[in-house]
1. Would you kindly work out, in nm and rounded to one decimal, the distances from the label point of B:GLU67 to those of the same position in each other copy, ordered shortest first, with label points 7 Å along Cα-to-Cβ?
2. Treating the beta-carbon of each Lys and Arg as +1 and of each Asp and Glu as -1, no other charges, what is the dipole magnitude of chain B about its Cα centre, to the nearest 20 debye?
3. FRET efficiency for B:GLU38 and B:LYS69, Cβ-Cβ distance as r, R0 = 22 Å, nearest 0.05?
4. Beyond a 18 Å Cα-Cα separation, which of these cross-linked pairs lie in this structure: B:LYS27/B:LYS56; A:LYS47/A:LYS89; A:LYS27/A:LYS73?
5. How about segment B:36-72: which GluC sites (Glu not before Pro) there are in a DSSP loop, with at most 13 other Cβ atoms within 10 Å of their Cβ?
6. Got a sec to turn the phi values of segment A:47-56 into Karplus ³J(HN,Hα) couplings, 6.51 cos²θ - 1.76 cosθ + 1.60 with θ = phi - 60°, whole Hz, x for Gly and Pro?
7. So between B:LYS27 and B:LEU58, what do we pick up on full extension, going 0.36 nm a residue minus the alpha carbon distance?
8. Which whole-Hz couplings ³J(HN,Hα) result when phi for each residue of segment B:25-38 is put into the Karplus expression 6.51 cos²θ - 1.76 cosθ + 1.60, θ = phi - 60°, listed in order with x for Gly and Pro?
Number of protein chains: 2
Amino acid sequence: MEKSQKIIFASDENCPVRRSLNLLGGKWTLLILFQINERIIRYGELKRAIPGISEKMLIQELNFLVEHKFVSKKAYPEIPPRVEYSLTKLGLKTLPIADTLATFGLESLT
Amino acid sequence: MEKSQKIIFASDENCPVRRSLNLLGGKWTLLILFQINERIIRYGELKRAIPGISEKMLIQELNFLVEHKFVSKKAYPEIPPRVEYSLTKLGLKTLPIADTLATFGLESLT
DNA sequence: CTGGATCCGTGATGATACTG
DNA sequence: CAGTATCATCACGGATCCAG
């Protein structure tokens, strides 16, 4: 497996903006969290909800988010497979960030 | 000149989170805006305020931000040169985003 | 002091085909 | 359906030199 691609810099010390950005600053990260939102959503649904993302990036981000406890994953041993993703308590706390981005996008961008 | 490295995707259509992320999703973008904040700040000060950033990236981001009307730049024809940066009205509207990131960093990260 | 310009490595990102 | 594997590409970003 390709190794985790998001690097945590030790030198970020104590700037809270930087600490948040290190975890959530990925190109798709906040968008994925925002799309999951308060739903329990399947992989395929999520993929359709985010047009343009490649499968690789979606899986990679989801694994990252699960690993860092933003997202919880539940797999059902069925045929065909079913996997459901939802936000953890920590993940829910990131929603205000995406909300602020959405508000800005709506109010201030053409 | 190296061509502008931040690419605006046409396919983002109407998701406001994505529109915001396209402009502000750069590695240093929000951090720079946050550091300028409500100040009028010189280039050298700003550089010192953001340890770790290379001059190239700082200039590149500042040019991008000026170009997109988030930041205004005032150069004084003096020797030695003096250049002051500050947020435009639009730039000020991005501060809530950085604030939310800061809040999350303070409250929810180790 | 405030930049501009170029070289260049590396990791991040993406397209596509494949598997259980 | 939910991923994996492989391969190609591109943006990020450091180093360095230069200029007004």
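The values are calculated or read from the model by the stated rules, or taken from the named source; none is laboratory data. Treat the numbers as computed from the prediction; the structure is a model and nothing was measured. So basically every Cβ, Gly included, is an ideal-geometry build from the backbone, and we count neighbours across all protein chains shown. Remember, those area values only see protein heavy atoms, side chains included, never the ligands or the DNA or RNA. Shrake-Rupley method; radii C 1.70, N 1.55, O 1.52, S 1.80 Å.
1. In ascending order, 3.3 nm.
2. 220 debye
3. For R0 = 22 Å, the calculated efficiency reads 0.80.
4. Flagged as over cut-off: A:LYS47/A:LYS89; A:LYS27/A:LYS73.
5. Here the GluC sites (Glu not before Pro) that fit, given the DSSP loop and packing criteria, are B:GLU38.
6. With the stated coefficients, segment A:47-56 comes to 4, 5, 6, 10, x, x, 7, 7, 4, 4 Hz.
7. Contour length minus the Cα-Cα distance gives 10.1 nm.
8. x, x, 4, 10, 4, 5, 5, 5, 4, 5, 6, 5, 6, 9
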